1. Any residue in region 190-199 that is surrounded by fewer than 20 Cβ atoms within 10 Å (Cβ to Cβ) and either out of contact with any Asp or Glu (no Cβ under 8 Å at 6 or more places or on another chain) or closer than 24 Å to GLY91 by Cβ (or both)?
2. Go through region 51-63 and give me each residue that's within 24 Å of PHE93 (Cα to Cα) and in contact with a helix residue (DSSP H, G or I) (Cβ under 8 Å, 6 or more places away or on another chain).
3. Which count do you get for residues in region 46-99 that are over 18 Å from the mean Cα position of the chain (by Cα), without any contact (Cβ under 8 Å) to a residue 24 or more places away in the chain and either within 16 Å of the ligand (Cβ to nearest atom) or within 30 Å of THR126 (Cα to Cα) (or both)?
4. In region 100-111, what count of residues is obtained for those that are out of contact with any helix residue (DSSP H, G or I) (no Cβ under 8 Å at 6 or more places or on another chain) and open to solvent by 50 Å² or more (accessible area, probe 1.4 Å)?
5. For region 154-207, enumerate the residues that are on the phi > 0 side of the Ramachandran plot, away from the ligand (no atom under 11 Å from the Cβ) and touching a helix residue (DSSP H, G or I) at 6+ places or on another chain (Cβ under 8 Å).
6. How many residues are on the phi > 0 side of the Ramachandran plot and in contact with a Gly (Cβ under 9 Å, 6 or more places away or on another chain) when one looks only at region 339-384?
7. Write out, first by first residue and then by second, each pair whose Cβ atoms fall under 7 Å of each other, whose residues are 6+ apart or on separate chains, and whose first residue, in region 164-179, is open to solvent by 10 Å² or more (accessible area, probe 1.4 Å) while the second is within 12 Å of the ligand (Cβ to nearest atom) and at pLDDT 95 or above.
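The values are calculated or read from the model by the stated rules, or taken from the named source; none is laboratory data. Quantities reported herein were computed from a predicted structural model and do not represent experimental measurements. For neighbour counting, all protein chains shown are included, and Cβ atoms are generated from backbone atoms with ideal geometry for every residue, glycine included. For accessibility, only protein heavy atoms count, side chains too; no ligands or nucleic acids. Shrake-Rupley method; radii C 1.70, N 1.55, O 1.52, S 1.80 Å.
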Amino acid sequence: MLSIAEGPRTVLVPGPSILPDRVRSAMQRPSIDIYAGPLLDVTARCERGLAQIFGTSAQVFIYSANGHGVWDAALSNTLSRGSKVLVLESGRFAIGWGEMAKPMGIDVEVLRGDWHQAVDLSALGTRLAQDKSHDIDAILCTQVDTASGVCNDIGSIREAIDAIGHPTLLIVDAVASLGTMPFALDDWRVDVAVSASQKGLMCPAGLGFVAAGPRALEAHETANLRTRYWDWSARSTDNHYQKYCGTPPEQLLFALAEAFDMIDEEGLPTVFARHRALGQATQAAISSWQEHGARANISNPDHRANPVSVFNLPDGLAEKIITFCRDQCGVTLGGGLADWAGRSVRVGHMGHINAPTLLGAIACIDLGFRVFGLTAQTSGVDAAVRSLEQSESRTP
Ligand SMILES: *Cc1c(COP(=O)(O)O)cnc(C)c1O
(Lines give C-alpha, C1' and ligand atoms only; values in the text may rest on other atoms or scores of the structure.)
Protein backbone atom coordinates (compact mmCIF):
# COMPACT_ATOMS: atom_id res chain seq x y z
CA MET A 1 0.00 0.00 0.00
CA LEU A 2 1.08 3.54 -0.75
CA SER A 3 2.37 5.39 2.31
CA ILE A 4 -0.08 8.08 3.42
CA ALA A 5 1.92 9.02 6.52
CA GLU A 6 3.02 12.56 5.62
CA GLY A 7 1.22 15.35 7.50
CA PRO A 8 0.84 16.02 11.20
CA ARG A 9 1.84 12.92 13.14
CA THR A 10 -0.83 11.63 15.50
CA VAL A 11 0.71 10.31 18.69
CA LEU A 12 -1.78 8.23 20.65
CA VAL A 13 0.54 6.55 23.11
CA PRO A 14 -0.67 6.55 26.72
CA GLY A 15 1.59 9.44 27.60
CA PRO A 16 3.03 11.82 26.73
CA SER A 17 -0.26 13.02 25.25
CA ILE A 18 -1.01 15.57 22.54
CA LEU A 19 0.16 19.12 23.39
CA PRO A 20 -2.52 21.73 22.68
CA ASP A 21 -1.33 24.80 20.72
CA ARG A 22 -2.46 26.98 23.61
CA VAL A 23 -0.21 25.10 26.01
CA ARG A 24 2.75 25.30 23.64
CA SER A 25 2.22 29.03 23.13
CA ALA A 26 1.98 29.59 26.87
CA MET A 27 5.52 28.21 27.22
CA GLN A 28 6.98 30.50 24.55
CA ARG A 29 8.21 33.22 26.87
CA PRO A 30 11.38 34.55 28.37
CA SER A 31 12.40 33.59 31.87
CA ILE A 32 11.22 35.94 34.60
CA ASP A 33 11.92 36.77 38.24
CA ILE A 34 11.65 33.65 40.37
CA TYR A 35 11.17 35.53 43.68
CA ALA A 36 8.36 37.98 42.96
CA GLY A 37 5.82 39.08 40.38
CA PRO A 38 3.71 37.06 37.93
CA LEU A 39 5.34 33.70 38.62
CA LEU A 40 3.90 33.70 42.14
CA ASP A 41 0.39 34.06 40.70
CA VAL A 42 1.08 31.24 38.24
CA THR A 43 2.10 28.94 41.12
CA ALA A 44 -1.07 29.89 43.00
CA ARG A 45 -3.14 29.17 39.88
CA CYS A 46 -1.51 25.75 39.46
CA GLU A 47 -1.99 24.87 43.14
CA ARG A 48 -5.65 25.85 42.92
CA GLY A 49 -6.15 23.76 39.77
CA LEU A 50 -4.43 20.76 41.32
CA ALA A 51 -6.44 20.93 44.53
CA GLN A 52 -9.64 21.01 42.50
CA ILE A 53 -8.70 18.11 40.25
CA PHE A 54 -7.38 15.97 43.16
CA GLY A 55 -10.67 16.73 44.98
CA THR A 56 -9.00 18.08 48.07
CA SER A 57 -8.54 21.00 50.39
CA ALA A 58 -5.27 19.35 51.53
CA GLN A 59 -1.84 20.57 50.62
CA VAL A 60 -0.43 20.00 47.13
CA PHE A 61 3.24 19.98 46.14
CA ILE A 62 4.67 20.67 42.68
CA TYR A 63 8.01 19.09 41.79
CA SER A 64 10.39 19.32 38.84
CA ALA A 65 10.02 15.60 38.25
CA ASN A 66 8.22 12.97 36.23
CA GLY A 67 5.87 10.29 37.60
CA HIS A 68 8.73 8.14 38.88
CA GLY A 69 10.02 11.15 40.79
CA VAL A 70 6.79 11.67 42.68
CA TRP A 71 6.67 7.95 43.47
CA ASP A 72 9.88 8.65 45.40
CA ALA A 73 8.34 11.77 46.94
CA ALA A 74 5.34 9.83 48.28
CA LEU A 75 7.47 7.06 49.79
CA SER A 76 10.28 9.16 51.26
CA ASN A 77 7.93 11.64 52.94
CA THR A 78 5.81 9.08 54.76
CA LEU A 79 7.89 5.93 55.40
CA SER A 80 11.03 4.77 57.19
CA ARG A 81 13.68 2.10 56.65
CA GLY A 82 11.99 -1.17 57.56
CA SER A 83 8.46 0.10 56.84
CA LYS A 84 6.27 -2.36 55.00
CA VAL A 85 4.17 -1.64 51.92
CA LEU A 86 1.57 -3.82 50.26
CA VAL A 87 1.54 -3.32 46.48
CA LEU A 88 -1.78 -4.09 44.77
CA GLU A 89 -1.06 -5.64 41.38
CA SER A 90 -3.41 -4.87 38.47
CA GLY A 91 -0.85 -4.17 35.76
CA ARG A 92 2.73 -2.95 35.60
CA PHE A 93 2.85 0.39 37.36
CA ALA A 94 2.17 -0.40 41.03
CA ILE A 95 4.74 -3.20 40.69
CA GLY A 96 7.28 -0.71 39.36
CA TRP A 97 6.56 1.57 42.32
CA GLY A 98 7.27 -1.31 44.70
CA GLU A 99 10.52 -2.01 42.85
CA MET A 100 11.58 1.58 43.56
CA ALA A 101 10.69 1.18 47.25
CA LYS A 102 12.95 -1.86 47.80
CA PRO A 103 16.34 -0.15 47.47
CA MET A 104 15.11 2.50 49.93
CA GLY A 105 15.01 -0.23 52.58
CA ILE A 106 11.25 -0.68 52.49
CA ASP A 107 9.84 -4.19 52.87
CA VAL A 108 7.66 -4.77 49.79
CA GLU A 109 4.94 -7.38 49.56
CA VAL A 110 2.83 -7.77 46.42
CA LEU A 111 -0.81 -8.77 46.57
CA ARG A 112 -0.86 -10.72 43.33
CA GLY A 113 -3.51 -9.89 40.79
CA ASP A 114 -3.60 -10.30 37.07
CA TRP A 115 -3.54 -7.89 34.18
CA HIS A 116 -7.11 -8.57 33.10
CA GLN A 117 -9.01 -7.17 36.04
CA ALA A 118 -9.16 -4.64 38.83
CA VAL A 119 -7.71 -5.31 42.28
CA ASP A 120 -9.63 -8.12 44.03
CA LEU A 121 -11.21 -6.42 47.04
CA SER A 122 -11.96 -9.62 48.92
CA ALA A 123 -8.33 -10.79 48.55
CA LEU A 124 -7.28 -7.40 49.89
CA GLY A 125 -9.66 -7.73 52.84
CA THR A 126 -8.36 -11.23 53.61
CA ARG A 127 -4.72 -10.10 53.54
CA LEU A 128 -5.40 -7.09 55.77
CA ALA A 129 -7.39 -9.20 58.23
CA GLN A 130 -4.36 -11.54 58.57
CA ASP A 131 -2.17 -8.59 59.47
CA LYS A 132 -3.25 -8.48 63.12
CA SER A 133 -0.10 -6.71 64.29
CA HIS A 134 -0.58 -4.00 61.64
CA ASP A 135 2.83 -4.49 60.05
CA ILE A 136 1.60 -3.01 56.78
CA ASP A 137 2.26 0.73 56.88
CA ALA A 138 1.05 1.69 53.42
CA ILE A 139 -0.82 0.35 50.42
CA LEU A 140 0.40 1.35 46.95
CA CYS A 141 -2.02 1.15 44.04
CA THR A 142 -2.85 2.80 40.74
CA GLN A 143 -6.18 4.33 39.83
CA VAL A 144 -5.53 3.61 36.13
CA ASP A 145 -2.75 1.29 35.03
CA THR A 146 -1.58 2.24 31.54
CA ALA A 147 -0.07 -1.20 30.87
CA SER A 148 -3.27 -3.19 31.42
CA GLY A 149 -5.91 -0.49 30.81
CA VAL A 150 -7.58 -1.22 34.14
CA CYS A 151 -9.34 1.32 36.32
CA ASN A 152 -9.45 0.58 40.05
CA ASP A 153 -12.28 1.90 42.20
CA ILE A 154 -10.30 3.80 44.82
CA GLY A 155 -13.36 4.56 46.97
CA SER A 156 -14.07 0.81 47.25
CA ILE A 157 -10.45 0.07 48.13
CA ARG A 158 -10.79 2.59 50.97
CA GLU A 159 -14.01 0.86 52.10
CA ALA A 160 -12.30 -2.54 52.05
CA ILE A 161 -9.54 -1.17 54.30
CA ASP A 162 -12.06 0.45 56.66
CA ALA A 163 -14.13 -2.74 56.84
CA ILE A 164 -11.12 -4.46 58.45
CA GLY A 165 -10.30 -1.43 60.60
CA HIS A 166 -6.68 -1.47 59.38
CA PRO A 167 -4.68 1.75 59.96
CA THR A 168 -2.58 1.51 56.77
CA LEU A 169 -1.98 4.60 54.67
CA LEU A 170 -3.58 4.52 51.21
CA ILE A 171 -1.17 5.88 48.58
CA VAL A 172 -2.50 6.18 45.03
CA ASP A 173 -0.91 6.71 41.62
CA ALA A 174 -3.17 8.98 39.54
CA VAL A 175 -0.51 9.70 36.90
CA ALA A 176 -2.58 8.43 33.97
CA SER A 177 -6.05 9.15 35.34
CA LEU A 178 -5.95 12.70 36.71
CA GLY A 179 -7.95 14.97 34.42
CA THR A 180 -9.67 12.07 32.64
CA MET A 181 -12.00 10.84 35.42
CA PRO A 182 -13.02 11.95 38.91
CA PHE A 183 -10.57 11.82 41.79
CA ALA A 184 -11.78 12.60 45.32
CA LEU A 185 -8.87 12.58 47.76
CA ASP A 186 -10.91 14.01 50.63
CA ASP A 187 -14.08 11.95 50.11
CA TRP A 188 -12.18 8.70 49.57
CA ARG A 189 -9.76 9.55 52.39
CA VAL A 190 -6.77 8.83 50.19
CA ASP A 191 -3.68 9.70 52.21
CA VAL A 192 -1.32 10.51 49.35
CA ALA A 193 -2.01 10.85 45.63
CA VAL A 194 0.61 11.44 42.96
CA SER A 195 0.35 12.56 39.36
CA ALA A 196 2.35 14.12 36.53
CA SER A 197 1.93 16.73 33.82
CA GLN A 198 2.15 14.82 30.54
CA LYS A 199 -1.00 12.71 30.43
CA GLY A 200 -4.52 13.99 31.18
CA LEU A 201 -3.09 17.41 32.04
CA MET A 202 -1.90 18.05 28.46
CA CYS A 203 1.57 19.41 29.29
CA PRO A 204 5.10 18.29 28.51
CA ALA A 205 6.68 15.82 30.92
CA GLY A 206 8.61 17.44 33.75
CA LEU A 207 6.14 18.36 36.48
CA GLY A 208 5.14 15.94 39.23
CA PHE A 209 2.36 16.51 41.76
CA VAL A 210 1.61 15.19 45.22
CA ALA A 211 -1.46 15.79 47.36
CA ALA A 212 -1.07 14.81 51.00
CA GLY A 213 -3.93 14.40 53.46
CA PRO A 214 -3.76 14.84 57.25
CA ARG A 215 -2.73 11.27 58.13
CA ALA A 216 0.10 11.42 55.61
CA LEU A 217 1.32 14.69 57.10
CA GLU A 218 1.26 13.05 60.52
CA ALA A 219 3.28 10.06 59.25
CA HIS A 220 5.66 12.56 57.66
CA GLU A 221 6.69 13.86 61.08
CA THR A 222 8.45 10.61 62.00
CA ALA A 223 9.38 9.29 58.54
CA ASN A 224 13.14 8.74 58.36
CA LEU A 225 13.45 8.31 54.59
CA ARG A 226 12.96 12.05 54.16
CA THR A 227 15.47 13.81 51.91
CA ARG A 228 15.80 17.51 51.47
CA TYR A 229 14.71 17.70 47.83
CA TRP A 230 11.40 15.85 48.26
CA ASP A 231 10.69 17.04 51.82
CA TRP A 232 7.18 18.39 52.36
CA SER A 233 8.14 20.40 55.47
CA ALA A 234 10.88 22.26 53.61
CA ARG A 235 8.43 23.02 50.81
CA SER A 236 5.58 24.14 53.09
CA THR A 237 6.58 27.76 53.02
CA ASP A 238 5.59 31.07 51.49
CA ASN A 239 9.14 31.40 50.17
CA HIS A 240 8.52 30.76 46.49
CA TYR A 241 12.09 29.51 45.82
CA GLN A 242 11.86 26.95 48.66
CA LYS A 243 8.51 25.66 47.42
CA TYR A 244 10.48 24.22 44.50
CA CYS A 245 13.70 23.57 46.45
CA GLY A 246 15.45 25.72 43.87
CA THR A 247 14.63 27.31 40.54
CA PRO A 248 11.00 26.75 39.58
CA PRO A 249 10.38 25.15 36.15
CA GLU A 250 8.90 28.46 34.96
CA GLN A 251 7.79 27.71 31.41
CA LEU A 252 6.21 24.41 32.47
CA LEU A 253 4.24 26.23 35.16
CA PHE A 254 2.86 28.65 32.56
CA ALA A 255 1.93 25.61 30.47
CA LEU A 256 0.10 23.99 33.37
CA ALA A 257 -1.78 27.19 34.24
CA GLU A 258 -2.97 27.39 30.62
CA ALA A 259 -4.04 23.72 30.69
CA PHE A 260 -6.11 24.42 33.81
CA ASP A 261 -7.72 27.40 32.07
CA MET A 262 -8.66 25.10 29.18
CA ILE A 263 -10.09 22.52 31.60
CA ASP A 264 -12.10 25.23 33.39
CA GLU A 265 -13.48 26.55 30.11
CA GLU A 266 -14.63 23.08 29.03
CA GLY A 267 -15.84 22.24 32.55
CA LEU A 268 -14.55 19.22 34.47
CA PRO A 269 -17.75 17.15 34.10
CA THR A 270 -17.56 17.65 30.31
CA VAL A 271 -13.86 16.76 30.28
CA PHE A 272 -14.64 13.50 32.10
CA ALA A 273 -17.66 12.74 29.88
CA ARG A 274 -15.57 13.31 26.74
CA HIS A 275 -12.93 10.88 27.98
CA ARG A 276 -15.55 8.30 28.88
CA ALA A 277 -17.24 8.59 25.50
CA LEU A 278 -13.95 8.27 23.60
CA GLY A 279 -12.90 5.32 25.77
CA GLN A 280 -16.20 3.55 25.14
CA ALA A 281 -15.94 4.25 21.40
CA THR A 282 -12.48 2.67 21.36
CA GLN A 283 -13.81 -0.37 23.23
CA ALA A 284 -16.67 -0.65 20.72
CA ALA A 285 -14.09 -0.72 17.91
CA ILE A 286 -12.10 -3.39 19.77
CA SER A 287 -15.25 -5.55 20.06
CA SER A 288 -15.78 -5.26 16.32
CA TRP A 289 -12.22 -6.51 15.76
CA GLN A 290 -12.99 -9.73 17.63
CA GLU A 291 -13.34 -11.53 14.33
CA HIS A 292 -9.65 -10.74 13.72
CA GLY A 293 -8.81 -12.30 17.08
CA ALA A 294 -8.76 -9.03 19.08
CA ARG A 295 -9.58 -9.26 22.79
CA ALA A 296 -10.09 -6.33 25.13
CA ASN A 297 -7.47 -6.77 27.85
CA ILE A 298 -9.95 -5.87 30.60
CA SER A 299 -13.04 -8.05 30.32
CA ASN A 300 -15.35 -6.20 32.71
CA PRO A 301 -16.49 -2.96 31.01
CA ASP A 302 -16.88 -1.30 34.43
CA HIS A 303 -13.16 -1.73 35.06
CA ARG A 304 -11.97 -0.18 31.79
CA ALA A 305 -10.09 3.09 31.95
CA ASN A 306 -11.19 6.41 30.44
CA PRO A 307 -7.68 7.47 29.28
CA VAL A 308 -6.34 4.27 27.67
CA SER A 309 -7.62 1.12 25.96
CA VAL A 310 -5.57 -2.04 25.69
CA PHE A 311 -6.31 -4.97 23.41
CA ASN A 312 -4.48 -8.14 22.52
CA LEU A 313 -3.95 -9.73 19.10
CA PRO A 314 -2.66 -13.19 18.19
CA ASP A 315 0.32 -14.30 16.08
CA GLY A 316 2.47 -11.17 15.93
CA LEU A 317 -0.44 -9.16 14.56
CA ALA A 318 -0.11 -6.48 17.26
CA GLU A 319 3.40 -5.58 16.10
CA LYS A 320 2.29 -5.61 12.47
CA ILE A 321 -0.63 -3.26 13.13
CA ILE A 322 1.50 -0.86 15.22
CA THR A 323 4.24 -0.77 12.57
CA PHE A 324 1.71 -0.32 9.77
CA CYS A 325 -0.05 2.56 11.53
CA ARG A 326 3.26 4.25 12.30
CA ASP A 327 5.00 3.87 8.94
CA GLN A 328 2.11 3.94 6.51
CA CYS A 329 -0.43 6.18 8.25
CA GLY A 330 1.46 8.54 10.57
CA VAL A 331 -0.25 7.27 13.74
CA THR A 332 1.88 6.24 16.70
CA LEU A 333 0.21 3.70 19.01
CA GLY A 334 1.58 2.13 22.17
CA GLY A 335 2.84 -1.44 22.26
CA GLY A 336 2.54 -3.94 25.10
CA LEU A 337 4.74 -3.55 28.18
CA ALA A 338 6.76 -6.25 29.96
CA ASP A 339 5.17 -9.69 29.39
CA TRP A 340 2.64 -8.08 27.06
CA ALA A 341 5.35 -6.95 24.60
CA GLY A 342 4.42 -7.97 21.06
CA ARG A 343 0.93 -9.07 22.12
CA SER A 344 -0.87 -5.83 22.91
CA VAL A 345 -1.85 -2.57 21.34
CA ARG A 346 -2.35 0.38 23.68
CA VAL A 347 -4.36 3.35 22.46
CA GLY A 348 -3.98 6.47 24.57
CA HIS A 349 -7.02 8.77 24.48
CA MET A 350 -6.15 11.22 27.22
CA GLY A 351 -6.03 14.98 27.43
CA HIS A 352 -6.33 17.03 24.24
CA ILE A 353 -8.18 14.53 22.08
CA ASN A 354 -11.44 14.69 20.19
CA ALA A 355 -13.49 12.61 17.80
CA PRO A 356 -11.59 13.16 14.52
CA THR A 357 -8.26 12.30 16.11
CA LEU A 358 -9.53 9.11 17.71
CA LEU A 359 -11.75 8.03 14.80
CA GLY A 360 -8.87 8.69 12.39
CA ALA A 361 -6.61 6.37 14.38
CA ILE A 362 -9.30 3.68 14.58
CA ALA A 363 -9.80 3.95 10.80
CA CYS A 364 -6.05 3.42 10.31
CA ILE A 365 -6.23 0.24 12.40
CA ASP A 366 -9.20 -0.88 10.24
CA LEU A 367 -7.08 -0.21 7.17
CA GLY A 368 -4.23 -2.23 8.67
CA PHE A 369 -6.46 -5.26 9.17
CA ARG A 370 -7.63 -5.06 5.56
CA VAL A 371 -4.08 -4.73 4.24
CA PHE A 372 -3.18 -7.89 6.19
CA GLY A 373 -6.07 -9.69 4.50
CA LEU A 374 -8.57 -9.47 7.36
CA THR A 375 -11.76 -8.03 5.97
CA ALA A 376 -14.94 -7.69 8.01
CA GLN A 377 -18.64 -6.86 7.70
CA THR A 378 -18.44 -3.94 10.11
CA SER A 379 -15.44 -1.77 10.75
CA GLY A 380 -14.03 -0.44 13.99
CA VAL A 381 -14.99 3.04 12.87
CA ASP A 382 -18.62 1.93 12.34
CA ALA A 383 -18.73 0.54 15.86
CA ALA A 384 -17.05 3.61 17.34
CA VAL A 385 -19.42 5.97 15.54
CA ARG A 386 -22.44 4.05 16.84
CA SER A 387 -21.04 4.19 20.34
CA LEU A 388 -20.49 7.96 20.10
CA GLU A 389 -24.01 8.46 18.75
CA GLN A 390 -25.41 6.74 21.83
CA SER A 391 -23.18 8.55 24.27
CA GLU A 392 -24.45 11.84 22.83
CA SER A 393 -28.08 10.93 23.44
CA ARG A 394 -27.30 10.40 27.12
CA THR A 395 -25.78 13.85 27.57
CA PRO A 396 -28.27 16.68 28.22
C1 LIG B 1 3.15 7.12 32.88
C2 LIG B 1 2.87 6.50 34.19
C3 LIG B 1 3.79 6.55 35.25
C4 LIG B 1 5.20 7.04 35.10
O5 LIG B 1 5.31 8.36 34.79
P6 LIG B 1 6.70 8.91 34.24
O7 LIG B 1 6.43 10.38 34.10
O8 LIG B 1 6.97 8.22 32.95
O9 LIG B 1 7.74 8.62 35.25
C10 LIG B 1 3.41 6.06 36.47
N11 LIG B 1 2.20 5.51 36.64
C12 LIG B 1 1.30 5.42 35.65
C13 LIG B 1 -0.03 4.81 35.92
C14 LIG B 1 1.61 5.91 34.39
O15 LIG B 1 0.72 5.80 33.40
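1. No.
2. Of everything in region 51-63, those that are within 24 Å of PHE93 (Cα to Cα) and in contact with a helix residue (DSSP H, G or I) (Cβ under 8 Å, 6 or more places away or on another chain) turn out to be ILE53, VAL60, PHE61, ILE62, TYR63.
3. Here the count works out to 1.
4. If we filter region 100-111 for residues that are out of contact with any helix residue (DSSP H, G or I) (no Cβ under 8 Å at 6 or more places or on another chain), which is where we start, we get 102-103, 105, 107, 109.
Those left that are additionally open to solvent by 50 Å² or more (accessible area, probe 1.4 Å): 102-103, 107.
Qualifying residue count for the region: 3.
5. As a first pass, look at region 154-207 and keep what is on the phi > 0 side of the Ramachandran plot: 165, 179, 189, 202, 206.
So of that shortlist, the ones also away from the ligand (no atom under 11 Å from the Cβ) come out as 165, 179, 189, 202.
Scanning region 154-207 gives GLY179, ARG189, MET202.
6. Final tally of qualifying residues: 2.
7. Filtered contacts from region 164-179: VAL175/GLY67; VAL175/VAL194; VAL175/SER195; VAL175/ALA196; VAL175/LYS199.
Residue by residue, here is whether (1) open to solvent by less than 20 Å² (accessible area, probe 1.4 Å); (2) within 19 Å of ALA176 (Cβ to Cβ) holds:
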residue	(1), (2)
MET27	no, no
ILE32	no, no
TRP71	yes, yes
SER76	yes, no
LEU79	yes, no
